[in-house]
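Below: the structure, in structure tokens.
We did not get these values from a lab; they are worked out from the coordinates using the rules stated. As the structure is a prediction and not an experimental result, all values here were calculated from the model. No Cβ is skipped: glycine too gets one built from the backbone with ideal geometry, and neighbour counts run over all protein chains shown.
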């Protein structure tokens, strides 16, 4: 009787101990052992249904144990594919400087040296430009920009398209290129040819001379006589008009480019066969007394 009762009590105690063990929390040693077992369990890599790489034993074992590096990616794909835009991305674009904006501005074609009537809507447009002194007329069909006549190279660019090929400006035309003023009525050129046609109502006056290279200068596309040779040519030229205007032109040219009367007289004495030689010497003697 006592044996059977003790057996029942022992069985009941065992049942209660099993039930209580189901609700007990594992100890730290048990948790560490469980974590180690999970980490040591071999990982099975799932193959993607769209991947073209071989799966299973056909794939070569990977030697990398750490995190993947950039060497395992396609570098060209990284360069071609733009990074995703995000709100946290800071833009590195800098505002353009004024100099950069000037360089990137569209380039416009420069204005022509001569303004033809065919470039304008009609004769009224040409008259309007002349009235506002934006252009200076050569004749009724052609003008040149007033601002071009304010400098040596600008005046040379006006004269260059007027002259025949191979001709050089001299005398009054060269004087206008060097000093400006009123445009001459005739175009004085040095050439071996003869021209009878008018150039925008201006006649070509040809001087058949052999000029040394030191007496010529090139301004842009125009060949012209030097200031000293131009002064000598003007002095040797005989004019029927008042000589005061001639002396004033020569004096302005010599003063602007520091040409002395002595150097011009030496040049004339070295070339006694020049046309108007005696007139030139007389002119420079008068200027020498005035200056």
Order of 206, 158 under a 10 Å beta carbon neighbour criterion, fewest first: 206, 158
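Report the FRET efficiency, 1/(1 + (r/R0)^6), for residue 256 and residue 194, where r is their Cβ-Cβ distance and R0 is 35 Å, rounded to 0.05. Write down the numbers at each step before the final one.
On the way: r = 32 Å, r/R0 = 0.93.
Once rounded, the FRET efficiency stands at 0.60.
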Give me P(r) over the stretch 147-209, computed from all C-alpha to C-alpha distances, binned every 10 Å, as integer percentages. 23, 58, 18, 1
How compact and how long is the stretch 226-291, expressed as Rg and Dmax of its alpha-carbon atoms in Å? 10.6, 28
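At a Förster radius of 30 Å, what calculated FRET efficiency corresponds to the Cβ-Cβ distance of residue 285 and residue 211, to the nearest 0.05?
Values: r = 25 Å, r/R0 = 0.82.
Given R0 = 30 Å and the Cβ-Cβ separation, E is 0.75.
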